[in-house]
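The values are calculated or read from the model by the stated rules, or taken from the named source; none is laboratory data. Every value quoted in this text rests on a predicted model; they were computed, and no experiment measured them. So basically every Cβ, Gly included, is an ideal-geometry build from the backbone, and we count neighbours across all protein chains shown. Side chains are part of the model used for accessible areas, which takes the heavy atoms of the whole protein and leaves out ligands, DNA and RNA. Shrake-Rupley method; radii C 1.70, N 1.55, O 1.52, S 1.80 Å.
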Amino acid sequence: MSLNLFWLQCGACGGDTMSLLCADSPGFVQVLDKLDLRVLWHPSMTACDAKERERTVGAITAGDLPLHILCVEGSVIRGPTGTGMYATHSGRPKKDLLAALAARAEHVIAVGTCASFGGIPASCEVEACGVQFTRDQKGGFLGDSWTSGSGMPVINLPGCPCHPSVVVGTLTALVGGVPLHLDRLGTPTEWYGMLVHQGCTRNEYHEYRVEEKEFGERGCLFFHMGCHGPLAHGPCNKLLWNRRSSKTRAGVPCFGCTKPGFPQATPFFETPNIENLPIELPEGVDRAHYMAYKGMAAAAAPERLLGRENEV
């Protein structure tokens, strides 16, 4: 029997959809066929008029049509003053549609950082939040204790955008009955149990504190250039984008787009620091020991790293 999927786009730019449509091994349409997933509605993939869409929504909310997977893209807009009228669907607040569909869903997936934690709109006057989190605090729109029909909380897949392989992998796991272990932020540890730093080809520069201070050098981007690689959880250097690259491999700092606090208040290309030591250190690292370790590591840096050449 086919399983039904509904994709609800809330306060979003559509970037997570564009990312998912770039999945190529396998492609998203192949995934749907293999998993026998039936897309009831997707704003970029469904060819039906508004009346048919409303009939589908009505059948789901009435309990006449089962909803196995609800994917939410974008933050939940609650403004102004809690009405949700800044973001509507057929004249009604989208937040109300989300609540009605979530009440019938066996699984709910928040796709992207906006849906997971609120993202960029959470800093604006639209009163945005994530589906079950606001930044790193559980609660969000559906509430702290909310669970779907399967008994699971909202599955958060952050990223701006979310990597398509993470979405495909999550759908495959749910359909295949493979248990997903979620961390305290509701993210599957299969993809978010690692740091972006893991798999970065500049790791050795980081270990010896050989620092990049100008774009185009060969060095670690963490100490001066604003890189969040040692701070952000995500698979970007394991699951390469377009199967070939990542920000740090291309010489661009990781922006930490999977973090609940994304986007940061400070400039992307600057590392907030005190006396050249980053204020935010890798998770669980003691500052005093880190200073001593990095000082010794920098003194021991091999010539082959210090003698790096500018590739530009």
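For the stretch 182-218, which residues satisfy the criterion of being under 30 Å from K138 (Cα atoms) and assigned to a helix (DSSP H, G or I)? Quick ask: steps written out before the conclusion?
Just the residues of the stretch 182-218 that are under 30 Å from K138 (Cα atoms), to begin with: 182-199.
Answer for the stretch 182-218, where residues must be under 30 Å from K138 (Cα atoms) and assigned to a helix (DSSP H, G or I): T189, E190, W191, Y192.
For the stretch 25-35, which positions are open to solvent by less than 70 Å² (accessible area, probe 1.4 Å) and out of contact with any Leu (no Cβ under 9 Å at 6 or more places or on another chain)? Please lay out each step first, then the result.
Step one: list which residues in the stretch 25-35 are open to solvent by less than 70 Å² (accessible area, probe 1.4 Å), which gives 26-28, 31-32, 35.
Within the stretch 25-35, P26 is the sole residue that qualifies.
Out of the residues in the stretch 264-295 that are under 27 Å from the mean Cα position of the chain (by Cα) and open to solvent by less than 40 Å² (accessible area, probe 1.4 Å), state the one that is nearest to P188 (Cα to Cα).
Residue satisfying both the conditions and the ranking: P282.
For the stretch 259-312, enumerate the residues that are hydroxyl-bearing (S, T, Y) and assigned to a loop (DSSP other than H, G, I, E, B).
If we filter the stretch 259-312 for residues that are hydroxyl-bearing (S, T, Y), which is where we start, we get 266, 271, 290, 293.
Selection gives T266, T271.
Could you please give the count of residues in the stretch 178-189 that are under 20 Å from D36 (Cβ atoms) and open to solvent by less than 60 Å² (accessible area, probe 1.4 Å)? It would help to see each step written out before you state the result.
So the first thing to find is which residues in the stretch 178-189 are under 20 Å from D36 (Cβ atoms), and the list is 178, 180.
Now restrict to residues that are open to solvent by less than 60 Å² (accessible area, probe 1.4 Å): 180.
Selection size over the stretch 178-189: 1.
When the residues of the stretch 219-258 are narrowed to those that are among the polar types (S, T, N, Q) and part of a loop (DSSP other than H, G, I, E, B), which ends up modelled with the highest pLDDT?
Restricting attention to the stretch 219-258, the residues satisfying the condition of being among the polar types (S, T, N, Q) are 237, 242, 245-246, 248, 258.
Pick out the ones that are also part of a loop (DSSP other than H, G, I, E, B) and you get 237, 242, 246, 258.
Working: N237: 95, N242: 91, S246: 95, T258: 98.
Within the stretch 219-258, the match that is modelled with the highest pLDDT is T258.
When you go through R38, R104 one by one, which is the residue that is closer than 19 Å to T172 by Cα, open to solvent by 60 Å² or more (accessible area, probe 1.4 Å) and in contact with a Ser or Thr (Cβ under 9 Å, 6 or more places away or on another chain)? Before you say what the answer is, go through the steps one by one.
Values: R104 fails: closer than 19 Å to T172 by Cα.
Selected residue: R38, the only one of R38, R104 that is closer than 19 Å to T172 by Cα, open to solvent by 60 Å² or more (accessible area, probe 1.4 Å) and in contact with a Ser or Thr (Cβ under 9 Å, 6 or more places away or on another chain).
Would you confirm whether or not the stretch 231-244 contains a residue that is open to solvent by 20 Å² or more (accessible area, probe 1.4 Å), of a type in the set (S, T, N, Q), out of contact with any helix residue (DSSP H, G or I) (no Cβ under 8 Å at 6 or more places or on another chain) and in contact (Cβ under 8 Å) with a residue 60 or more places away in the chain?
Kept after step one, since they are open to solvent by 20 Å² or more (accessible area, probe 1.4 Å), are these residues of the stretch 231-244: 231, 233, 236, 238-244.
Adding the requirement that they be of a type in the set (S, T, N, Q) leaves 242.
If we keep only those that are out of contact with any helix residue (DSSP H, G or I) (no Cβ under 8 Å at 6 or more places or on another chain) too, we end up with 242.
With in contact (Cβ under 8 Å) with a residue 60 or more places away in the chain added as a condition, the list becomes 242.
Yes: the stretch 231-244 contains one or more residues that are open to solvent by 20 Å² or more (accessible area, probe 1.4 Å), of a type in the set (S, T, N, Q), out of contact with any helix residue (DSSP H, G or I) (no Cβ under 8 Å at 6 or more places or on another chain) and in contact (Cβ under 8 Å) with a residue 60 or more places away in the chain.
Pairs needed: first member in the stretch 18-42, within 11 Å of L5 (Cβ to Cβ); second member anywhere, of a type in the set (D, E, K, R) and in a helix (DSSP H, G or I); C-beta distance under 9 Å; at least 6 residues apart or different chains.
Short answer, once both residue conditions are applied: L40/R53; W41/R53.
Residues T170, T147: which one is part of a helix (DSSP H, G or I) and among the β-branched types (V, I, T)? Show your work before the answer.
Working: T147 fails: part of a helix (DSSP H, G or I).
Of the residues listed, the single one that is part of a helix (DSSP H, G or I) and among the β-branched types (V, I, T) is T170.
List every residue pair whose Cβ atoms sit under 8 Å apart, with the two residues 6 or more apart in sequence or on different chains, where the first one lies in the stretch 51-67 and is more than 13 Å from A100 (Cβ to Cβ) and open to solvent by 30 Å² or more (accessible area, probe 1.4 Å) and the second, anywhere, is of a type in the set (K, R) and modelled with pLDDT of 95 or more.
Note: pairs meeting the criteria are P66/R104.
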